[in-house]
Structures are given as structure tokens and as C-alpha cells.
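Enquirer: This is the structure, below, for whatever I ask next.
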Amino acid sequence: MEESDQLREENLNVMLAELLNEKGLKALGEVILRRGGRRPEPDVLVVLNGVRIVIEGKKEGMWKELERQCHERLDNNVCDLCVMVEYVSFDTGKMNPTQLQIKEALQQARFNVGFTSYLDRANLDRWTGRAMEPREYRDVKFDDLLTYLMSAYSEVVSGDIIGPVVDKLQETLNQFATSLASTVNVDRLKDVMELREKEGGEGSEE
């Protein structure tokens with residue numbers, strides 16, 4: 001069956017975002033759908049209470065490309081959270097489906113989904129010693145996709161990117177200070193810094 005223009009990936013992504021909007025995203029804040037087409041802009045940009053979410057979707061077998069695109073969006077500061085959607089099973093049963101039929105088919109479809117955010121790209125594991133857990137889910141239903149998206153959104157909103165860095169720096173400084181205190185010759189340090197007391201003690205008369 002030859003794919004119609006209505007079943008282009010861009011169209012599926014926008015329709016998926018509209019469906020997510022109707023199912024609850026609107027309750028969290030303003031939702032903007034941007035039809036990017038072949039331009040550099042994403043196909044879908046959702047703004048929830050100031051958090052920019054890009055939805056990138058492709059047909060099955062393009063997971064690596066989805067990861068590349070999401071990393072690019074985050075590294076270029078296009079979004080705070082990128083949603084990867086792989087359309088595993090989607091069938092309207094029609095040669096030229098209407099938008100309503102596409103929506104209905106999306107509600108019955110199965111997806112491979114993943115989420116990556118600016119927190120992941122910040123490489124916080126260098127400071128915390130704990131790598132971010134992968135957030136990829138296979139063969140999920142539409143309702144599960146919505147649940148996982150809300151969970152990822154909440155993580156971004158509550159995420160602390162500065163705290164772990166500050167804690168690690170403080171720990172490093174404390175270790176350095178402890179090591180320094182046990183190895184420094186205090187008398188030698190006073191000589192170097194010219195902190196020797198005058199003979200006879202402070203305030204002594206010559």
C-alpha cells in the first residue's frame with residue numbers, strides 16, 4: 001500500500017500531540033503545536049508551564065535516528081525534554097484516512113517510547129557517581145505513553161542540576177583541606193607567608 005501524505009511522520013507526530021493535549025496536557029499549561037515540516041524546527045513543540053517538550057516520532061526501525069535527533073534538540077537548547085516515539089503498530093485500515101480516523105488509530109496503536117532531558121545531557125553522573133537510569137519503554141499503549149510522559153515532565157520540573165555539583169565540589173574541598181592539614185608544615189608555611197611573631201611575642205617591648 002502506498003503511503004499517503006496524511007500518514008507522513010510529521011503528521012502523525014502533530015496528531016499525537018493534539019491527542020495528548022486533549023487527554024490532559026492542556027490542564028498543565030499552554031500547549032503549542034509547531035508544524036515544522038522539513039525546516040530545522042521540531043515537528044511538535046509542547047510548552048507546559050515553561051518546560052519545552054519536543055516530540056520526535058518515526059516509524060519502526062529508526063530508534064538510533066530518534067536518539068540522535070533528541071540529543072541535537074537538547075544540545076541546541078531547543079527543548080528541556082525530548083520524547084522519542086517509534087510507531088510500532090499503527091493502522092487506520094484506510095487508504096486515505098481522515099484526521100479523526102488517524103486519532104482513533106493512534107489511541108489503539110503501540111509505541112516504543114523514550115525520554116531524555118537536559119539533566120541527562122548535563123552528565124551529572126560525573127558529579128554524583130550515579131548514572132541516569134534509561135527511560136525506554138517497549139510496546140506500550142497510548143495511555144501508558146501519557147503516564148510516562150507526565151512522569152518525565154515531573155522529573156524535569158523537580159530536577160536539581162546544581163545541587164549535586166555543589167555537593168561534589170564541597171566534598172572534594174573538604175578532602176583537600178583534610179589532606180592539606182595533615183601534610184603541611186605549619187612553621188614552614190608561616191615563614192613563607194611571613195607570619196612569624198616578633199621576638200618576645202606580640203606587643204613585647206624591644
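Bear in mind these aren't lab numbers, they're just calculated from the coordinates by the rules spelled out. Keep in mind that what you see is a predicted model, and the values were worked out from it rather than measured. Here the Cβ is made from the backbone with ideal geometry for all residues, glycine too, and neighbour counts use every protein chain on show.
Enquirer: Between their Cα atoms, which of Lys64/Lys103; Lys59/Lys103; Lys23/Lys64; Lys23/Lys141; Lys64/Lys141 are more than 18 Å away from each other?
Expert: From Lys64/Lys103; Lys59/Lys103; Lys23/Lys64; Lys23/Lys141; Lys64/Lys141, over 18 Å: Lys64/Lys103; Lys23/Lys64; Lys64/Lys141.
Enquirer: Cβ under 12 Å from His71's Cβ, His71 left aside: what net charge do those residues give with Lys, Arg +1 and Asp, Glu -1?
Expert: It works out to a net charge of -2.
Enquirer: Continuing with this model, one more query. Skipping prolines and chain starts, which residues have an amide H placed within reach, meaning under 5 Å, of the one on Val88, given they are 5 or more residues away or on another chain?
Expert: Excluding prolines and chain starts, which carry no amide H, the hits are Arg110, Phe111, Asn112.
Enquirer: Is the range 47-130 best put as rounded, prolate or oblate by its Cα gyration tensor, with a ≥ b ≥ c the root eigenvalues, rounded for a/c under 1.5, and otherwise prolate when a/b is larger than b/c, oblate when not?
Expert: Here the range 47-130 falls in the prolate category.
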